[in-house]
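Just so it is clear, none of the values below were taken in a lab; they were calculated from the coordinates. Because the structure is a prediction, the values reported are computed rather than measured. Cβ atoms come from the backbone with ideal geometry, glycine included; neighbour counts cover every protein chain shown.
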There are 2 protein chains.
Amino acid sequence: MTRGQQGGRAAQAEARRAAIIDAATTLIAERGYQGTSLAAVADRVGLTPAGVLHYFPSKDALLSGVLEARDRWDFAAFVGRLTDARLTHLEQIVEYNAERPDLVQAFTVLAGESVTEDHPAREFFTERYAKARADFAALLRAEFGDHLPGGLTPERAAPLLLAVMDGLQVQWLLARDDIDLAAACRDFVSLLSPTQREQT
Amino acid sequence: MTRGQQGGRAAQAEARRAAIIDAATTLIAERGYQGTSLAAVADRVGLTPAGVLHYFPSKDALLSGVLEARDRWDFAAFVGRLTDARLTHLEQIVEYNAERPDLVQAFTVLAGESVTEDHPAREFFTERYAKARADFAALLRAEFGDHLPGGLTPERAAPLLLAVMDGLQVQWLLARDDIDLAAACRDFVSLLSPTQREQT
DNA sequence: GTCTATAATAAGATAGAC
DNA sequence: GTCTATCTTATTATAGAC
């Protein structure tokens, strides 16, 4: 039974790593990256700080693991399906995010921290946003063509779309009863849609 | 000369407090609130940590001072002139903010941190956003009336406007060469404007 | 693979000298 | 009003036992 349902030793180590990343993500959501200690992560997975450092050689390496896990999730949920991407699909992601406030909170906190100097997540978010702007521009062009309301182009609207999604998350996390994440996102898309304007 | 150009002892104490708040704001921008130590603040104003604690009895009290100073600035710049507020005025504020990336960065970091549990700035940002949504809705109604593009009302557009301004700041701080804060803000306003749609 | 033990810093805050 | 000195606690990370 040493090679049970989880497979061999390597697979067990992978499961441990995943559990540590999970715990770290939750704690980052609750206390931020700077506010998260290795001791707290270790407690959550039933290890000591030294035990955690066996899987991730430093706290920064653990953060990298958290960010990479998010990237894999994003890829599976969105970028991997970009060939058939539609704005409705983007709205589905928003709805799915609304079911995972812990994940949204972790990455809202990290994005905020990332603008500080020499933050270990700064490069990650810089590249992530640049890529998101390019992806969103392509999405908007596929959906609406070259000419958007207000005389905007997809390239000029893309940062706005990204900003709205990000900014709404902050407001939602601070006032979940007042903000409907998915509905507000749809509201913004309706501003971009040439066909739906002036509806009552 | 003991009562020189700065006034009496009370005024000198106020000047000290202001200098400490200034230093703290800069350091929060550079390293976040959790990453800012009293020792670093003290260094910047030529005091020891104990000296700083003479003016602010705790680190949290110092943060409150930073937030109150921002509130006073906001009031002078925006809320205090709400009677004659126009969207063009809001755009002037964005342009002014673009000249003060340090302030923008400090409050972007703090807003991100504030969504964590028991953060000392959480209540501040919760109330600030709620008030901003109400103010923006009134502003949009005064400017455009009850009916906005996409079938939106001022109340539904206000959180979007707030989200765009916030989200653009994050993108701008991470890629100042790629994002034109004021221009992007105007782009969004043009989406809300009933008269300017479909311009080329 | 996980631990104990410990190193090496650093934090916020207090007491009391000056 | 500001300092020195100190308390107390927490941090990341390493070395080496088991």
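Among residues of chain A, the one whose Cβ lies closest to the rotation axis carrying chain A onto chain B, together with that distance rounded to whole Å, is A:Gly112, 1. Between helix B:181-192 and chain B, what is the angle of the helix's C-alpha long axis to the longest principal axis, kept within 0 to 90° and rounded to the nearest 10? Taking the Cα atoms of chain B, the angle to B:181-192 is about 40 degrees. Rounded to two decimals, the Cα-based Rg/Rh of the stretch B:4-43, with Kirkwood Rh, is 1.13. Comparing mean-square fluctuations of B:Ala15, B:Ala142, B:Ala134 from a GNM of chain B with C-alpha springs under 10 Å, the top value falls on B:Ala15. Count Lys and Arg as plus one, Asp and Glu as minus one, and take only other residues whose Cβ is under 12 Å from that of A:Cys185; the net charge is then -3. Distances, shortest first, from the label point of B:Glu91 to those at the same position in the other copies read 3.0 nm; the point lies 7 Å along Cα to C-beta. Rounded to the nearest 20, the size of the Cβ-charge dipole of the stretch A:108-200 about its Cα centre is 260 debye, with Lys and Arg at +1 and Asp and Glu at -1. Can you run the Rg to Rh ratio on chain A? Use alpha carbon positions and the Kirkwood inverse-distance Rh. Value, to two decimals: 1.04. Only the Cβ atoms of Lys and Arg (+1) and of Asp and Glu (-1) were treated as charged; on that basis the dipole of the protein assembly as shown about its Cα centre amounts to roughly 700 debye.
Rounded to the nearest 10 degrees, the inclination of helix A:154-174 to the longest alpha-carbon principal axis of chain A is 50 degrees. Among residues other than A:Glu117 with Cβ under 10 Å from its Cβ, the summed charge is 0 (Lys and Arg +1, Asp and Glu -1). Among B:Thr25, B:Thr48, B:Thr108, the largest mean-square fluctuation in a Gaussian network model of chain B, built with springs joining Cα atoms closer than 10 Å, belongs to B:Thr48. When each of A:Thr26, B:Thr36, B:Thr153 is scored by the number of other beta-carbon atoms lying within 10 Å, the sequence from fewest to most is B:Thr153, A:Thr26, B:Thr36. Across chain B, the longest run free of exposed loop sites, meaning GluC sites (Glu not before Pro) lying outside DSSP classes H, G, I, E and B with no more than 13 other Cβ atoms within 10 Å, spans B:1-98.
What the phi angles of the stretch A:123-134 give under the Karplus curve with 6.51, -1.76 and 1.60, with θ = phi - 60°, is a coupling list of 4, 4, 6, 4, 5, 4, 5, 4, 5, 5, 4, 5 Hz, glycine and proline written as x. Taking Cα centre as origin and charging only the Cβ of basic (Lys, Arg, +1) and acidic (Asp, Glu, -1) residues, the dipole magnitude of chain B rounds to 660 debye.
For the protein assembly as shown, the equivalent ellipsoid built from the Cα gyration tensor has semi-axes of 35, 35, 16 Å, listed from largest to smallest. Taking a Cβ cut-off of under 15 Å around A:Ala29, the surrounding Lys, Arg, Asp and Glu residues balance to a net charge of -2, with basic ones at +1 and acidic ones at -1.
Between the Cα long axis of helix A:9-31 and the first principal axis of chain A there is an angle of about 60°, rounded to the nearest 10. Would you mind getting me the FRET efficiency between B:Ala19 and A:Asp146? Use the beta-carbon distance for r and R0 = 51 Å, nearest 0.05. The computed FRET efficiency comes out at 0.45.
Considering only B:Ala158, B:Ala29, B:Ala76, the Gaussian network model of chain B with Cα springs below 10 Å gives its largest mean-square fluctuation to B:Ala76.
What the Cα convex hull of the stretch B:6-79 gives, in volume per residue, is 99 Å³. Restricting the calculation to Cα atoms, the stretch B:131-200 yields a radius of gyration followed by a Dmax of 12.8, 37 Å. For the stretch B:38-143, what class follows from the C-alpha gyration tensor (a ≥ b ≥ c being the square roots of its eigenvalues): rounded when a/c is under 1.5, otherwise prolate if a/b is larger than b/c, else oblate? Note, shape of the stretch B:38-143 comes out prolate.
In the stretch B:40-141, a dipole from Cβ-located charges (positive for Lys and Arg, negative for Asp and Glu) runs towards its positive end, and of B:Leu110, B:Ala69, B:Val45 it is B:Ala69 whose Cα lies farthest in that direction.
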